[in-house]
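J.: Got a structure for you, questions after.
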Amino acid sequence: MPVARGPQMNARSAVLVGLTGIVIAVVLGGGVLFLASQGGDVEITLGDTDFDAGQIGRISEEIDDRGPILYSDVAGRSRDLILQHLGDIPEEGWLAFDARPIGEPRDCFFQWDADAQRFHLVTIVGAVECADVTMDERGNLSTGGTIDMYPVSIDDDKNVRVDLNFDRDTDG
């Protein structure tokens, strides 16, 4: 039984396929270069834009019982923060601020002193020397300096959300 020959490609067809491939590659490359030249600043944001501290009822009760909560930045970017709740209304009175004054090393952090109703700057045992500074329950430093504050909101599920990525230059 004879075997039929498949389609044959002549030189003209091969050149046409090759030129078509080159034209497609040039058009795609030009399109990529055009799009790349049109972009402005690229902002890369990984992960959540805010920190979910948990349900307002549970968190406000814990703060009432034990004092403000220190959250360590597990991502290692030195953004440790303190979450504070003032007042009797769980949906209101939330504050979030850095766990140490600007310029202090990460080994220094504020710790709540319930008897004095103030934060005292303490250090991890044997680490570094910390400044002699205290802070009231609203984030006011005894030195008159400022501490970075973060906006706090309550979402529709009654979770406390802290905006860690707000722009201090435009948001105040």
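J.: Just checking, does the stretch 158-165 include any residue being farther than 25 Å from D64 by Cβ, among the basic types (K, R) and either exposed (fewer than 14 other Cβ atoms within 10 Å of the Cβ) or assigned by TED's automatic domain parsing to the domain that holds D65 (or both)?
T.: First pass over the stretch 158-165, keeping only residues farther than 25 Å from D64 by Cβ: 165.
Filter once more, keeping what is among the basic types (K, R): none.
No.
J.: Mind checking which residues of the stretch 69-111 are of a type in the set (K, R) and either modelled with pLDDT of 85 or more or surrounded by fewer than 14 Cβ atoms within 10 Å (Cβ to Cβ) (or both)? Working first, answer last.
T.: Taking the stretch 69-111 and keeping what is of a type in the set (K, R), we get 77, 79, 100, 106.
Listed by number, the residues that qualify are R77, R100.
The values are calculated or read from the model by the stated rules, or taken from the named source; none is laboratory data. Given the structure is predicted, the values throughout are model-derived calculations rather than measurements. For neighbour counting, all protein chains shown are included, and Cβ atoms are generated from backbone atoms with ideal geometry for every residue, glycine included.
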